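Here is the structure we will look at.
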2 protein chains.
Amino acid sequence: MNDMVPSPHDESQPMSLRERKKRLAQTTIEEAALRLFQQRGYEHTSIQDIADAVMMSPRTFFRYFASKEEVLFGPIHAVQSDGIRSLQQAASSESPLVALRTTFGYLASLYQQQRASFLIRYQVAKQTPSIASIYLYAMMEAEPAFCDALYVHLESVTDRNKIRFLVAIYMTAFRVALEEWMENGVQGDLVSLLGEYLEYFSSLSL
Amino acid sequence: MNDMVPSPHDESQPMSLRERKKRLAQTTIEEAALRLFQQRGYEHTSIQDIADAVMMSPRTFFRYFASKEEVLFGPIHAVQSDGIRSLQQAASSESPLVALRTTFGYLASLYQQQRASFLIRYQVAKQTPSIASIYLYAMMEAEPAFCDALYVHLESVTDRNKIRFLVAIYMTAFRVALEEWMENGVQGDLVSLLGEYLEYFSSLSL
DNA sequence: TTGACCTTTGTCATTAAGTGACATTATAAT
DNA sequence: ATTATAATGTCACTTAATGACAAAGGTCAA
């Protein structure tokens, strides 16, 4: 069994000057925005402020990000998409349970790779009530797609509902582990933390 | 053991004319807004449209509802608050597990009492991507308060994390049961559906 | 290198959510 | 009836987001 993890984003082409400038603008905006969010808070940072900071017109900001939230949650969406692809692949050759374990382990590793970035985003989101909902949703939006990926195995309606519940449980365990990890400043190993929660789960009786 | 369910909103005072007019205006706005949301969709219904429909100025709309979302999710917030109160009370005399069972049973009964209203809200939310996040959050926002309510029993850090996970699991079971119930047009008994999921949970091994 | 072509950017205008200030009207209390 | 209090409407303002169009910048072939 090889790596099983699809590389997040194919990064092979030479990249034209145009492409490079685009990427540069994107990361420039993102860095400036995150810095401002941390300094003044998300809500007290307007698009105009961000645009001023990077010397662009507000209109141009919206050519790189569909909204202010997108700056904050873009990478989370990207991770979720990677998770969906991972699960689709894993589900084709493994049982639902094994596939889920594989995928959530993979997701944990992605979070760990970008821990600094995700910590900032988490902290900004936590300090901003109007954003908390979007953060939660960003972490769970993949749930339906996860279910779809696993439906290839079992097809009766009751089985589908069980799969749905199973996915939701796994997502919950992952979310709780992630939150504890974030609260502790992304120190320690997220993968083993998730493992502890799943192990504890087995000992539960409701 | 008596009812254990605190009455949602104390409804005893005679109510002055002013109060009655206020309530009337509130329900009038809400009904008109929900009707418009169903007809044209949430995003294609502006505050102006709602204000026109009830012959009020847009400014007055905002004196009754803090936002457009509030019209849609107000009752869900209210149910969550009731749940928190219920759990605080139950947790003082029962074990965490029993208290959770009691409270989620109570919540299920509240949803069933207002099933028509909640179904509309669910359907509107489901049709509106920009709103889906807020719907999810509305259903889970009470999680931290639930944890706090149960922390009165156990106090070590590891126990708190376990309580946190336990609450999250229960919320997940409830959410999945609720979604299935909604998808099926709020037919059948939500309480027993929740029971089935919790029972199935016990048979799981991750 | 020049010029034609396509992309990116800026400017301007517009819709919609949300908020503060203040005057006007309706209700309550004496 | 008169005064205090609360509700409403009007106006002005900020901010997010989007469409249209012109100006500037990059790409590539001759």
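Scanning the stretch A:153-177 for residues that are more than 9 Å from chain B (Cβ to nearest Cβ) and farther than 15 Å from residue A:101 by Cα, which turns out most open to solvent (accessible area, probe 1.4 Å)?
A:155
Six or more apart or on different chains, Cβ under 7 Å: which pairs go from a residue in the stretch B:16-30 that's under 18 Å from residue B:50 (Cα atoms) to one that's more than 11 Å from DNA strand C (Cβ to nearest atom)? Could you list them?
B:25/B:64; B:26/B:64; B:28/B:54; B:29/B:54; B:29/B:64
Have a look at A:133, A:95, A:156 and point out the one that is in the same structural domain as residue A:178 (by TED's automatic domain parsing) and in contact (Cβ under 8 Å) with a residue 12 or more places away in the chain.
When all the criteria are applied, what remains is A:95.
Residue-wise test of (1) modelled with pLDDT of 95 or more; (2) within 12 Å of DNA strand D (Cβ to nearest atom).
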site	(1), (2)
B:7	no, no
B:36	yes, no
B:55	yes, yes
B:67	yes, no
B:74	yes, no
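Could you list, in sequence order, all residues of the stretch B:120-131 that are outside any loop (DSSP other than H, G, I, E, B) and open to solvent by less than 30 Å² (accessible area, probe 1.4 Å)?
Once the filter is applied, which keeps residues that are outside any loop (DSSP other than H, G, I, E, B) and open to solvent by less than 30 Å² (accessible area, probe 1.4 Å), the stretch B:120-131 yields B:121, B:122, B:124, B:125, B:131.
Could you give me the residue pairs with C-beta distances under 9 Å whose first residue belongs to the stretch A:182-196 and is closer than 11 Å to residue A:119 by Cα, whose second residue is open to solvent by 30 Å² or more (accessible area, probe 1.4 Å) and polar (S, T, N, Q) wherever it lies, and which are 6+ apart or on separate chains?
So the pair list comes out as A:182/A:123; A:186/A:112.
Among B:53, B:78, which is of a type outside the set (Val, Ile, Thr) and in the same structural domain as residue B:132 (by TED's automatic domain parsing)?
Being of a type outside the set (Val, Ile, Thr) and in the same structural domain as residue B:132 (by TED's automatic domain parsing) holds for just one of B:53, B:78, which is B:78.
Out of all the residues in the stretch A:130-148, is one or more among the hydroxyl-bearing types (Ser, Thr, Tyr), under 14 Å from the mean Cα position of the chain (by Cα) and farther than 26 Å from residue B:205 by Cα?
yes
For the stretch A:38-69, name all the residues that are under 22 Å from residue B:130 (Cα atoms) and either of a type in the set (Gly, Ala, Ser) or surrounded by 14 or more Cβ atoms within 10 Å (Cβ to Cβ) (or both).
Within the stretch A:38-69, A:42, A:45, A:46, A:47, A:61, A:62, A:64, A:65, A:66, A:67, A:68, A:69 meet the criteria.
As an exercise: evaluate residue B:187 against (1) within 14 Å of another protein chain (Cβ to nearest Cβ); (2) more than 24 Å from residue A:133 (Cβ to Cβ) and give the number of the one condition it does not meet.
Of the numbered conditions (1) within 14 Å of another protein chain (Cβ to nearest Cβ); (2) more than 24 Å from residue A:133 (Cβ to Cβ), the odd one out for residue B:187 is (1).
Looking at B:116, B:125, B:149 in this structure, which one is under 30 Å from residue B:33 (Cα atoms), modelled with pLDDT of 95 or more, away from chain A (no Cβ under 14 Å) and out of contact with any Asp or Glu (no Cβ under 6 Å at 6 or more places or on another chain)?
None of the other options fit; the residue is B:116.
All but one of (1) assigned to a helix (DSSP H, G or I); (2) at the interface with chain A (Cβ under 10 Å from one of its Cβ atoms); (3) small (Gly, Ala, Ser); (4) free of Cβ contacts under 8 Å to residues at least 24 places away in the same chain hold for residue B:205, so report the exception by its number.
Only one criterion is unmet by residue B:205, namely (1).
Does the stretch A:132-148 include one or more residues that are in a helix (DSSP H, G or I) and loosely packed, with under 15 Cβ neighbours inside 10 Å?
Checking the stretch A:132-148: at least one residue is in a helix (DSSP H, G or I) and loosely packed, with under 15 Cβ neighbours inside 10 Å.
The values are calculated or read from the model by the stated rules, or taken from the named source; none is laboratory data. Fair warning: this is a prediction, and the values are worked out from it, not measured in the lab. All Cβ positions, even for glycine, are placed from backbone atoms using ideal geometry, and neighbour counts span all protein chains on display. In case anyone asks, the SASA skips ligands and DNA or RNA and just uses the protein heavy atoms, side chains included. Shrake-Rupley method; radii C 1.70, N 1.55, O 1.52, S 1.80 Å.
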